[in-house]
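Accompanying notes for the structure given below.
The values are calculated or read from the model by the stated rules, or taken from the named source; none is laboratory data. Here the structure is a predicted model, which means the values were calculated and not measured. Here the Cβ is made from the backbone with ideal geometry for all residues, glycine too, and neighbour counts use every protein chain on show.
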Amino acid sequence: MKIKILKPGLLTTIQDIGRHGEMCHGIAHSGAMDHLSMKLANWLVNNPLDAPVLEITIIGPTIQFSKPMSIAVCGADFDLFLNGEIVFSHQTINVKKGDVLEFDHLNSGARAYLSFAGRLKLPPIMNSYSTNLTAGFGGYFGKELAIKDKIKIKDPRVENLKKVPEKFVPKYSGNYYFRCVPSVESDQFSELEKERFSQTHYQVTPDSNRMGIRLKGDSILTEKAPQIISSGLTQGSVQITPSGMPIVSSVDGQTIGGYPRIANIISADLPLLGQLRANDKIRFGFVSMELALQAFEAKQTLFDKIIG
């Protein structure tokens, strides 16, 4: 069975949970920016939660199916049409041979995840199917999907219909608050600068991508921050550049960096980074490690409740 890309969209790639244990070799984690939406899409078609999916960014693709199967879309809110008829995200969709799925207007969020009830027939690299666009490997020949590309899916299935309860469907407002814990160089910033960081309403710039979220707002002074030796970065590391503007490292980001890190976004809030788009507004706030752990456990409990 194959799916055919009739229109590729702005940036459509194959992603999964990412590559673990390779950052020490200079290889980015990659994977879905919003892994919770990816897992929900897989749950709706009875796949392993970490199975590869299509990550769809801002402008969605048009896709044709060659055989019956079940699919699901979670994450960003697109208007979806199957053969010209409206269908809905966050629930199982059954398609037939020749059906065409179109991602139309994006209402909120930035990235959606399309799962297939079957196995993508692609070779894993370093135990992952994720596309690393910077290095050009993984996924579909290491690249974003293009018109006329065909992806083979082994053992397609038609599953019973499921739906994410409406109260659990995420809403994306374009105005967000990210909780943080102190990072390695936090103490090198004055209390005044840390307060400025937590009180500023930042705006996401158009040059943000899977490597990093670039922000603009009030400048954070770094004149007194000493030069540091480049060291490890993870998703959610907030670096302050010489211009005083923050950059938030993301899944395809460099594995080491030399800008001082003022904060790290807590794990519970990381999936929301995948739903940021240009001109969205965000704020940061420091919380205790205890609260960060409680938030992570609460997020996991909620997810377990959704999938039953």
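From the list ALA268, ALA263, the lone residue that is part of a strand (DSSP E or B) and either outside the structural domain of PHE286 (by TED's automatic domain parsing) or in contact (Cβ under 8 Å) with a residue 40 or more places away in the chain (or both) is ALA263. Apart from one condition, ASN107 fits all of (1) without any contact (Cβ under 8 Å) to a residue 40 or more places away in the chain; (2) closer than 25 Å to ASN264 by Cα; (3) of a type outside the set (Asp, Glu); the exception is (2).
Going through the range 1-18 one residue at a time, which ones are part of a loop (DSSP other than H, G, I, E, B) and surrounded by fewer than 17 Cβ atoms within 10 Å (Cβ to Cβ)? Let's see the steps before the verdict.
Let us first name the residues in the range 1-18 that are part of a loop (DSSP other than H, G, I, E, B), namely 1, 8-10, 16-18.
Correct list: LEU10 only.
The test for being in contact with a Pro (Cβ under 8 Å, 6 or more places away or on another chain) and at pLDDT below 95 holds for MET1. Cβ-Cβ contacts under 6 Å between residues 6 or more apart (or on different chains), taken from a first residue in the range 203-214 that is buried (at least 19 other Cβ atoms within 10 Å of the Cβ) to a second residue that is among the basic types (Lys, Arg), are listed as SER208/ARG214. Screening the candidates ILE59, ILE71 for the property of being crowded, with 24+ Cβ neighbours inside 10 Å and either part of a strand (DSSP E or B) or free of Cβ contacts under 8 Å to residues at least 60 places away in the same chain (or both) yields one hit, ILE71. Do you know which residues across the range 16-48 are among the hydrophobic types (A, V, I, L, M, F, W, C), at pLDDT below 95 and farther than 17 Å from ARG210 by Cα? Once the filter is applied, which keeps residues that are among the hydrophobic types (A, V, I, L, M, F, W, C), at pLDDT below 95 and farther than 17 Å from ARG210 by Cα, the range 16-48 yields only CYS24. Just one of the numbered conditions (1) under 21 Å from the mean Cα position of the chain (by Cα); (2) basic (Lys, Arg); (3) assigned by TED's automatic domain parsing to the domain that holds THR134 is not true of ARG179: (3).
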